[in-house]
Structure formats: structure tokens, C-alpha cells
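Values in this text are rule-based calculations from the coordinates and carry no lab data. All values derive from a computational prediction rather than experimental measurement. FYI the Cβ positions are ideal-geometry reconstructions off the backbone, even for glycines, and counts take in every protein chain you see.
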Amino acid sequence: MEADELLVLVAGGDQKAFEDLYGLVSGPVFGLVRRVVRDPAQSEEVAQEVLLELWRSAGRYDPGRGSALSWVLTLAHRRAVDRVRSARAAGERELRMARRSNGPAFDQVAEEVEAGLEREWVRRCLDRLTALQRQSVTLAYYDGYTYREVAERLSLPLGTVKTRMRDGLTRLRDCLGGVA
């Protein structure tokens, strides 16, 4: 039987006719879809969708408008093009979202200005400390030394360094308005 005759039988719900039609058109359908979609797994999926659509919509086939194979391949081509367009649109949508999310979530200029002002404020407050307090605080907080290492570096007893640090940090806190 020819594809045209089989398709008319499939429209009537004939499963055996669909098996025969499947055997005739599945190769050309997959080949066409593979050329359009290019991805083997996606091509298999689209071909399966086309053949399922063929079973469901066989009644729409009009033999007066062309051959059954042409009608089936038209279904396949449309479905394949739809899949490519859908994949492209999804990729473009993801790219747009990625571009949006890569932008700074804050005003970078404002952040830099604010950080600069805070550094200047801390510098002014450090200048208000005694030289010994400033030296101890600077070694501990800017150079990363422990209290014990500060004491060794300055050749002072640990208790003296702790007192200078406590007094210096208290004065810094008061100068900074309790923010620090």
C-alpha cells in the first residue's frame, strides 16, 4: 500500500495501517528533522512528536492537496523549525538574564565614595589617639599581629599592650560615634 492510502486508513483509527505508515515515513521524517535540528537526541524527540501528531491528526490530510509523504514531511519540517526557534529563544532569554544578573547589584561609584569617606573618618580618629595607642592598634588591626606579637615587637609587657589597645579602641569607638 502507498502512504496516501495508509494515511486515509490511519485517519479511521487503523493501527495496522499506522504501523505500515510508520515504517514508510519514519526514516524520511527523522532525516529531515536531523538536518534542521542537528542534535541527535532532540531530533529523535521531535521525530517522535511528529509521528504522534500524525496519528492524532491524520484526519486533516487532504489527498487533493498533495501526497501523504509531502504532508508528513511538512509536519516534520514545521515541528523541527519550531524546536530550533524555541531553543534559540530560550538561549537568548538565558543570555539576557545572565547579563542582567552580572551587573552590579549596587551603585559602585556610591560604594567607593562611601568607603573612601569611611577610611578618611577612621584616619582622623586614629590621629586623635596617642602615638602609643595608634601604634598598638595599627600593628594589631592593620598589620594583623596578635596582642602577644605586638607586645614582643614593641618590647612591652602584654598587659601594657592590652591596656593601650583597650583605651585606644574605646577612643576610636567614641570618635566614630559607636558605629565601629
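Taking Cα atoms only, the orientation of helix 108-127 departs from the longest principal axis of the chain by about 20 degrees.
If R0 equals 41 Å, the separation of the Cβ atoms of residue 86 and residue 16 corresponds to a calculated FRET efficiency of about 0.75. Among residues other than residue 161 with Cβ under 10 Å from its Cβ, the summed charge is +3 (Lys and Arg +1, Asp and Glu -1).
Residue by residue, the stretch 83-88 carries 3J(HN,Hα) couplings of 5, 5, 5, 5, 5, 5 Hz when phi is fed to the Karplus relation 6.51 cos²θ - 1.76 cosθ + 1.60 (θ = phi - 60°); x denotes Gly or Pro.
For the stretch 1-112, count all C-alpha to C-alpha pairs, find those more than 19 Å apart, and express that count as a whole percent of the total. Walk me through the numbers before you get to the answer.
On the way: 3383 of 6216 pairs.
Every Cα pair in the stretch 1-112 considered, those over 19 Å come to 54 percent.
A Cβ-based charge dipole, computed about the Cα centre of the chain with Lys and Arg at +1 and Asp and Glu at -1, lands at about 1180 debye.
Run the numbers for residue 141 and residue 115: contour at 0.36 nm per residue of separation, minus the present Cα-Cα distance, in nm. Before the final figure, lay out each step's value.
Numbers: separation 26, 0.36 × 26 = 9.36 nm, distance 1.73 nm.
Length gained, residue 141 through residue 115: 7.6 nm.
With one equal scatterer per alpha carbon and no solvent term, the Debye-computed log10 I(q)/I(0) for the stretch 56-180 at 0.12, 0.13, 0.18 1/Å reads -0.70, -0.76, -0.98. Its residue count N fixes a reference of 2.2 N^0.38 Å for the stretch 114-179, and the Cα radius of gyration divided by that reference is 1.12. With the charge dipole of the chain set up from +1 on Lys and Arg Cβ and -1 on Asp and Glu Cβ about the Cα centre, the Cα lying farthest toward the positive end among the listed residues 89, 165, 55 is that of 165.
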